[in-house]
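The values are calculated or read from the model by the stated rules, or taken from the named source; none is laboratory data. Quick caveat: nothing in here was measured; it's all calculated off a predicted structure. Heads up, the Cβs are rebuilt from the backbone with ideal geometry, glycines too, and the neighbour counts pull from every protein chain shown.
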Amino acid sequence: MRIGAAEVLILQGDLTESSAEALVNAANSELWMGAGVAGALKRKGGPEIEREAMAKGPIEVGEAVSTGAGRLPARWIIHAAVMGPDLRTDAAKIRQATRAALRLADQLGIRSIAFPALGTGVGGFPMAGCGRLMMEVTRAYLAAGSNLARVEFVLFGAAAYREFREGAEVASQEVERPGIS
């Protein structure tokens, strides 16, 4: 779909293989990279990503910082703190972290960004609910004006893709038909 000047894609695949300039890490506020998306980025990109991130932390939940991408094809990793050291998240934190990542991408002059489903792994947030929240935030952000040309949501596995997409489609339909819920 198109939102403003940007193309928005929901894809099934491996985030670490995205051709986007920036990949988003579903980070904790301490910025250490353990399991899930963070672990995959660290394994494929190298431990220097975590070292650089931790040197910039801790940060508040809902904020984001950038690092290099190590050996990954991307140029940047945007670490969006979607949970604190307790590794728990909620809708407000997912909204804030998504917005912070988009804002930082614009500040860095990034034209393409790839997100995982923030907070659905270790954070335990439902995949469909995450899709709905992230699409609502992305739509509002891009509609207000952005330099981003492409926003990808990259989901690992068929079930995750299907659930995230269903949630994102609900958010899209609500915008297209205001007043109907």
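Just checking, does the stretch 168-179 include any residue being in contact with a Lys or Arg (Cβ under 8 Å, 6 or more places away or on another chain), farther than 14 Å from Met1 by Cβ, of a type in the set (S, T, N, Q) and touching a residue at least 60 places away in the same chain (Cβ under 8 Å)? Within the stretch 168-179, none of the residues are in contact with a Lys or Arg (Cβ under 8 Å, 6 or more places away or on another chain), farther than 14 Å from Met1 by Cβ, of a type in the set (S, T, N, Q) and touching a residue at least 60 places away in the same chain (Cβ under 8 Å). When the residues of the stretch 95-128 are filtered to those that are part of a helix (DSSP H, G or I) and modelled with pLDDT under 95, the one that is farthest from Ala35 (Cα to Cα) is Ala128. The sole residue among Gly121, Gly157, Gly131 that is more than 13 Å from Ala22 (Cβ to Cβ), surrounded by fewer than 18 Cβ atoms within 10 Å (Cβ to Cβ) and among the small types (Gly, Ala, Ser) is Gly157. I'd like to check something: does the stretch 84-91 contain any residue that is buried (at least 19 other Cβ atoms within 10 Å of the Cβ) and either on the phi > 0 side of the Ramachandran plot or over 13 Å from the mean Cα position of the chain (by Cα) (or both)? There is at least one residue in the stretch 84-91 that is buried (at least 19 other Cβ atoms within 10 Å of the Cβ) and either on the phi > 0 side of the Ramachandran plot or over 13 Å from the mean Cα position of the chain (by Cα) (or both). Just give me the residues in the stretch 33-61 being out of contact with any Ser or Thr (no Cβ under 9 Å at 6 or more places or on another chain), in contact (Cβ under 8 Å) with a residue 24 or more places away in the chain and assigned to a loop (DSSP other than H, G, I, E, B), in sequence order. Passing the criteria: Gly34, Ala35, Gly46. Taking the criterion of being closer than 19 Å to Gly119 by Cα and among the charged types (D, E, K, R), the residues of the stretch 23-61 that qualify are Glu30, Lys42, Glu50, Glu60.
Taking only the stretch 62-94 into account, find how many residues are among the polar types (S, T, N, Q) and assigned to a loop (DSSP other than H, G, I, E, B). Matching residues across the stretch 62-94 total 1.
Here's the yes/no breakdown for (1) within 15 Å of the chain's Cα centre (by Cα); (2) surrounded by fewer than 21 Cβ atoms within 10 Å (Cβ to Cβ); (3) at pLDDT 95 or above:
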position: Glu7; (1), (2), (3): no, yes, yes
position: Leu15; (1), (2), (3): yes, no, yes
position: Ala22; (1), (2), (3): yes, no, yes
position: Asn25; (1), (2), (3): yes, no, yes
position: Gly36; (1), (2), (3): yes, yes, no
position: Lys42; (1), (2), (3): no, no, yes
position: Gly45; (1), (2), (3): no, no, yes
position: Glu48; (1), (2), (3): no, yes, yes
position: Ala53; (1), (2), (3): no, no, yes
